[in-house]
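Input: a single structure, listed below in structure tokens.
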Amino acid sequence: MKKLHIKKGDTVYVNAGNDKGKTGKVLTVVPDKDRVIVEGVNVISKHTKPNAAHPQGGIIKQEAGIHISNVQLMDAAGKPVKVGYRFDETGKKVRYAKTTGEEVK
């Protein structure tokens with residue numbers, strides 16, 4: 001399994017594509033395809049037939065995947081940062097912001 005710098009629940013900044021400049025929360029990470037699904041970013045219209053979940057059918061708006069290279073993690077101050085890894089005092093591997101040196105939660 002690949003080790004990616006973005007995890008589910010992170011707040012990210014979109015730095016490329018049609019939604020450049022937007023921010024959102026990561027809903028899903030797909031490591032096999034190097035993609036993430038971000039809330040409110042890359043929204044598509046999907047045509048669906050009637051089913052149990054949507055008895056009426058019709059057009060449904062939903063988020064599509066965006067390549068993981070097009071997003072950057074945001075730090076606590078709300079700025080996009082590059083991510084590094086280091087070991088803390090207990091020997092646990094943690095992510096940190098390379099610009100500020102702060103640990104990313």
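The values are calculated or read from the model by the stated rules, or taken from the named source; none is laboratory data. Since the model is a prediction, treat every value here as computed from it, not as a measurement. Cβ placement follows ideal geometry from the backbone for every residue including glycine, while neighbour counts extend to all protein chains displayed. Protein only, heavy atoms only, side chains kept; ligands, DNA and RNA dropped before computing areas. Shrake-Rupley method; radii C 1.70, N 1.55, O 1.52, S 1.80 Å.
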Using the alpha-carbon centroid of each, what span in Å lies between region 1-63 and region 69-103? 23 Å
Placing +1 on each Lys and Arg Cβ and -1 on each Asp and Glu Cβ in region 38-105, then taking the dipole about the Cα centre, the residue among Leu73, Gly84, Asn42 whose Cα reaches farthest towards the positive end is Asn42
Testing the spin-label approximation: label points 7 Å from Cα along Cα→Cβ at Asp88 and Lys20. State their distance in nm. 3.6 nm
With 25 Å as the limit, write out which pairs from Lys20/Lys93; Lys46/Lys105; Lys8/Lys82; Lys7/Lys79; Lys20/Lys61; Lys22/Lys49 have Cα-Cα distances beyond it, or answer none. Lys20/Lys93; Lys46/Lys105; Lys22/Lys49
Which distance in nm do the two modelled labels at Lys105 and Glu39 give, with both placed 7 Å along the Cα-to-Cβ direction? 1.6 nm
Which label belongs to the value computed from this structure, given these candidates for percent of Cα pairs over 24 Å apart: (i) 35; (ii) 40; (iii) 22? (i)
Once you have a ≥ b ≥ c as the square roots of the Cα gyration tensor eigenvalues for region 12-64, tell me rounded if a/c is under 1.5, and otherwise prolate or oblate according to whether a/b is larger than b/c. prolate
In whole percent, how big is the carbon plus sulfur part of the accessible area of the chain, probe 1.4 Å, protein atoms only? 50 percent
Net charge around Tyr13, counting only other residues with Cβ within less than 14 Å of its Cβ (Lys, Arg = +1; Asp, Glu = -1)? +1
Estimated dipole of region 1-92 in Debye, rounded to 20 [Cβ of Lys and Arg +1, of Asp and Glu -1, Cα centre]: 160 debye
Pick out, in residue order, every one of the trypsin sites (Lys or Arg not before Pro) in region 1-71 that is DSSP loop and has at most 14 other C-beta atoms within 10 Å; say none if there are none. Lys2, Lys3, Lys7, Lys8, Lys20
